[in-house]
Each structure stands twice: as structure tokens, then as C-alpha cells.
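Worksheet: the structure to be examined is printed underneath.
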Protein chains: 2
Amino acid sequence: MTYCLAMRLTDGLVFLSDTRTNAGVDNIGTYRKLQVIRPSDDRVFVLQSAGSLATTHEVLARIDRDLTSSGDHESLATASHLFEAALYLGRLNKQVTAEHIATVGSGATATFILGGQISGERPDILLVYPEGNYIRASDTIPFLQIGETKYGKYLLELAVRTHVGLESAAKIALGSMLSTAHANLSVGPPYDLGIYRNGALDVREMRIEADHPYLAELTRVWVDNLIEGIQELPPIPDDVLAELS
Amino acid sequence: MTYCLAMRLTDGLVFLSDTRTNAGVDNIGTYRKLQVIRPSDDRVFVLQSAGSLATTHEVLARIDRDLTSSGDHESLATASHLFEAALYLGRLNKQVTAEHIATVGSGATATFILGGQISGERPDILLVYPEGNYIRASDTIPFLQIGETKYGKYLLELAVRTHVGLESAAKIALGSMLSTAHANLSVGPPYDLGIYRNGALDVREMRIEADHPYLAELTRVWVDNLIEGIQELPPIPDDVLAELS
């Protein structure tokens, strides 16, 4: 499995991906699932992937081939709008998936998050399905997740609802990731973080290794705060406690 | 779906169940999924259920029939140990499931948590599978969940690891439930809470309605604490931020 998340905030976008891959429990690998692609000065894309590793690898290879080979064909450089880039990615995904599904079965599907900005448009994040279609993040709850999405969802809602800044959002993203990795062995470090400030047309990208002291410090402060928060919860009122005692 | 959880703590046991049932999104119901059964003064059981409502109803009806009909047959009153009660429940579950599966298909399965105490034994919580077998909660992470287990798992781990008291554990259970219900429409109020103190051989049971002011207050304090906690998280260090900027 995998856990990738993307948030659209007032100031920009935040992306976070784990790197663990597994085929059963005895075939564990580490692969980058967050790619930054900058085909020209007027656009930048962040691609995150979940699902079949073989499918995502071939989709990424085709994206790269389309960008580097000469000729008059569609690529991430030719899309005029983010939704066109999402549909292009969706077509590649659908083609590769169809070829792999014939031999591998339904496990060959992959799902992508495509985020970024094309100059003149607002930055955005889109979810691209194995069927080739896409959705944008909603305006009410503007985040997207793929892979093991349940464990870390609550924190993301909190982040986008409270209109935090980019750095706070990145910390929340890490909190969401650490909770997920803690609960699910198929999600693990190192983690790839991407931060995009509106209009920058470039992504600040970093990798956080499992043994980076910051992760331990973040976990410690987070757990201490949670325990403190639990102690401050109001007592269960007598009328509830008395009801059936 | 459903969310039921049970925790085994130093001082006793805590149980919490939601009450929402659904068959698709246009057939929503409210049913009790936490039952307290006290066949005699030397024992008390808490039963929580997830899965097919028809299967759980018939299992509960058979448990009741075995307890109230005369004759020399097995029942929750005759089990000498909690594990025997779990195996008895497992047999009923397996029988009913087998009958329903023949017509309904795999959706007819149900899973139970059985907790409580038989005098002379330590209180415990056990998970009973549709196949009729069971597991105890582990000694390291002594809680069990059935239904929509992922959203609220992290909080429970925190609770059992930090050896909180029964009332704190109940608050944490409610926090875990509220996070789950917030994220997943198939889990919803009212909530049934059961608190068992070691040796009491009786369960303090209460129902918390959706509009009880305590739930709103609990959520408010919890969210405020989380937001405060987020603000206190240590800044992402420069060596991480600088890596690829």
C-alpha cells in the first residue's frame, strides 16, 4: 500500500508521500512516489502515485518520453490547463493499466494525484483514476489522499478548515503520515515532502529520512500534546453516568 | 458499517458502540450494537456486533433462547471460562451465518467482541470471528475494534499505552468514535458506552444521544487542543527545508 496526501491551502499546496512498497510482507521496497516535473518556466507539476508499482513506473516513463522526444504530440508541456494535464495523465494510466490488467489482473491499477500550477491558472490538486477520469479537490474540504487514507484523514480536515499556513500544513501532513505509518506496516519512511507557494512555479522539495531527529521530536511533542489534551477533556457529566448505573 | 471498540485497562474494561446501520445509503437505521448480559450473579458479558444485522439479531435471539429455555444445554450461564463463552458464541455465529450465507452471500457474516468477567477469572475482551474461532486482546496493545477500525485506532493505542483510568479511557473512546463518525457516514450516534470495573460483575451502561451537549463540548475541547497542539509542533529544521530549495 501507500499513503500520499495533497492539500490546497490559502497560500499554496502541500504534498507528502511515503516510499514503502510491498508485494506481500516478504517483498518490501523503497520507491519514490512523489515526482516534481517542470517541463518549462510557465508550469510545474507534482505527481503522486498509489497502486501497482509497474503501472506507475511505466506511466512516468511515458510522461518523460513524451516530454523529451521531438515531434508534435501531447505532453505535460502542451497542456493549456491543469485539467487537460490530468486527462492526459489519465489516458496514459488507462492505456498502461489495460495492458497490465490483461496479464496481472485488477492489481495492475494505479491512482495519481496531480498538483501544481500552469501560469495564469490557480494552483490546484486533482485525483486521476485508473479509468482515466479525474476529480478536483472540493472547495469545502480541499485535500486529496490516495492509498491508506483512513488513519490520517481527521488531521487533514482540521488543517484545511482552520486555514493554516504552509509550514503548519506541512507539519500536520507529517502528523497525518506518522499516525498512518504507526498503524499500518505498508506505509513507511523516508517521506517526500513538497511545498508549493502560489505563483512560485517551482516546488520546494525535501526528503525526510526515518532516522532524522525531527521525526522523533515531532512524534514526541505530538504525543505529549495528545496526552495533555486527553487529560483536559471535560468529565463525563453525571446525567450521562447516572443514566443506567 | 459500524464502529465498536473495547479496551482492557488496569482498572477494568471500556466498551463503546455506535448505533448506525445501513443497507446502501437510502436505508439507514438505528440499532443497539452493545448488549449487556448478566445470566447470574457470578458473571457479566458485554457483546458488541458488526456485520449483517440479520445475523447478529438471530445470534442474540439464540443466546437469549438458550438462557431462558429449560433443559440441560449450553448457554452463557454454563460456560466456566470466558474462552468457552467465546467458542459458544462462535458456534452460534457460524451456524446462523452458514444458514444466511446460502441465500444472502458473503454479506451475511458478523463479527463480535465478547467482554466481561466470570468470577474467579480476570476480566477480558475477545474477538469472535464469523468462522467461529476467537482471539484475545494482546497484552501489549490490549484493545479490540470491529467495523470501521482505521480512523480511530491511533487514539486507542495512546490510551492503552499510557495506562489511563477508566473515565479517561471512556473519554478517549468517545474521541475515537467522534473522529470515526466525522469521517465515515456509516458510523453515527447515539453511542452506547459500557464501563466495567474489575470485580464488579456489573456493567455501568449509558447511551449518549447525538444532541447531548457533552458531545459538542467534548468535540470543541478536543479540536481546540489539537489546533493548539499543531501550533506547538517544532518548526521544520533548516537542514530539511534547505535540502532541495
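Odds and ends about this structure:
Residue by residue, here is whether (1) over 26 Å from A:Asp11 (Cβ atoms); (2) surrounded by fewer than 23 Cβ atoms within 10 Å (Cβ to Cβ) holds:
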position: A:Val164; (1), (2): no, yes
position: A:Met177; (1), (2): no, no
position: A:Leu185; (1), (2): yes, yes
position: A:Pro189; (1), (2): yes, yes
position: A:Leu193; (1), (2): no, no
position: A:Val203; (1), (2): no, no
position: A:Ala216; (1), (2): yes, yes
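- Residue in segment A:157-179 that is among the polar types (S, T, N, Q) and closer than 16 Å to A:Leu34 by Cβ present: yes
- Close pairs from segment B:154-165: first closer than 18 Å to B:Thr180 by Cα, partner of a type outside the set (S, T, N, Q) and part of a loop (DSSP other than H, G, I, E, B), Cβ under 9 Å, at least 6 apart: B:Tyr154/A:Tyr151; B:Tyr154/A:Gly152; B:Leu156/B:Ile141; B:Glu157/B:Ile141; B:Leu158/B:Val164; B:Ala159/B:Leu9
- Taken over segment A:61-85, residues that are out of contact with any Asp or Glu (no Cβ under 7 Å at 6 or more places or on another chain) and buried (at least 19 other Cβ atoms within 10 Å of the Cβ) amount to 4.
- Test for A:Ala79: is it farther than 21 Å from A:Val187 by Cβ, part of a helix (DSSP H, G or I) and small (Gly, Ala, Ser): no
- Members of segment A:51-70 that are farther than 13 Å from A:Gln35 by Cβ and aliphatic (A, V, I, L, M): A:Leu53, A:Ala54
- Residue within segment A:59-69 that is more than 24 Å from A:Glu148 (Cα to Cα) and assigned to a loop (DSSP other than H, G, I, E, B) present: yes
- Within segment A:71-104, considering residues that are in contact with a Ser or Thr (Cβ under 6 Å, 6 or more places away or on another chain) and over 24 Å from A:Arg38 (Cβ atoms), the one modelled with the highest pLDDT: A:Thr97
- Restricting segment B:9-27 to residues that are assigned to a strand (DSSP E or B) and of a type in the set (Gly, Ala, Ser), the residue that is surrounded by the fewest Cβ atoms within 10 Å (Cβ to Cβ): B:Gly12
- The residues in segment B:106-128 that are in contact (Cβ under 8 Å) with a residue 60 or more places away in the chain, over 18 Å from B:Gly194 (Cβ atoms) and in contact with a helix residue (DSSP H, G or I) (Cβ under 7 Å, 6 or more places away or on another chain) can be counted, and the count is 1.
- Any hit, segment A:152-170, residues being over 14 Å from the mean Cα position of the chain (by Cα), on the phi < 0 side of the Ramachandran plot and of a type in the set (Lys, Arg): yes
- Subset of segment B:96-107 that is out of contact with any Asp or Glu (no Cβ under 9 Å at 6 or more places or on another chain) and either in a helix (DSSP H, G or I) or not small (Gly, Ala, Ser) (or both) - its residue that is surrounded by the fewest Cβ atoms within 10 Å (Cβ to Cβ): B:Thr103
- Any hit, segment A:29-40, residues being in contact (Cβ under 8 Å) with a residue 12 or more places away in the chain and of a type in the set (Gly, Ala, Ser): yes
- The single residue among A:Glu131, A:Glu84 that is of a type in the set (Asp, Glu) and touching a helix residue (DSSP H, G or I) at 6+ places or on another chain (Cβ under 8 Å) turns out to be A:Glu131.
- Output for segment B:108-124, where each listed residue is over 18 Å from B:Leu5 (Cα atoms) and under 20 Å from the mean Cα position of the chain (by Cα): B:Ala108, B:Thr109, B:Ile118, B:Arg122
- Strands (runs of 3 or more DSSP E) within segment B:118-229 that include 2 or more residues within 7 Å of chain A (Cβ to nearest Cβ): B:203-208
The values are calculated or read from the model by the stated rules, or taken from the named source; none is laboratory data. Worth saying up front: this structure is predicted, and the values here are computed from it rather than measured. Heads up, the Cβs are rebuilt from the backbone with ideal geometry, glycines too, and the neighbour counts pull from every protein chain shown.
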